[in-house]
Amino acid sequence: MIFMKIKELRSLSEDALKAKLNEVRLDLSVEKRKIASTGVSSKKVKVRELKRTIAQIMTLLREKGVKL
């Protein structure tokens, strides 16, 4: 699942966090393309959750001292 709680994210290794970050970024770009092509904004909640997950992962990576 893409949406993970912060406790679950904290338990992942740096490599796993980087992989999850790439996965979530890909999903975000797909959702944005769907919205742009159809003009339907029913996925705004999903986009917001994806952005939030990206921010959480990036914060955890910075806390661990990983350069992005």
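The table below gives the values:
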quantity: Under 28 Å from the Cα of Lys34 - lysines, other chains or at least 8 residues apart; calculated: Lys5, Lys18, Lys20, Lys43, Lys44, Lys46, Lys51
quantity: For the chain, built as a Gaussian network whose Cα springs stay under 10 Å, the top-fluctuating residue of Lys18, Lys43, Lys51; calculated: Lys43
quantity: Where labels lie 7 Å past Cα in the beta-carbon direction, separation of Arg52 and Lys67 in nm; calculated: 3.3
quantity: Summed side-chain charge close to Lys51 - residues other than Lys51 whose Cβ falls under 13 Å, Lys, Arg +1, Asp, Glu -1; calculated: +4
quantity: Degrees between helix 44-63 axis and first principal axis of the chain (Cα, 0 to 90, nearest 10); calculated: 20
quantity: Using a Förster distance of 25 Å, the FRET efficiency for Lys34-Leu12 (Cβ separation, nearest 0.05); calculated: 0.35
quantity: Helix axis angle, 14-38 relative to the chain longest principal axis, alpha carbon, degrees; calculated: 10
quantity: Stretch gain in nm, segment Val45-Met4, where the contour uses 0.36 nm per residue and the Cα spacing is subtracted; calculated: 13.3 nm
quantity: Gain upon complete extension [Thr59, Leu26; 0.36 nm per residue less C-alpha separation]; calculated: 10.0 nm
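Computed from the coordinates by the stated procedures, all read-outs in this text should not be read as laboratory data. Note that this is a predicted model, so its numbers are computed, not measured. When we count neighbours, we look across all protein chains shown, and the Cβ atoms used for this are built from the backbone with ideal geometry, even at glycine.
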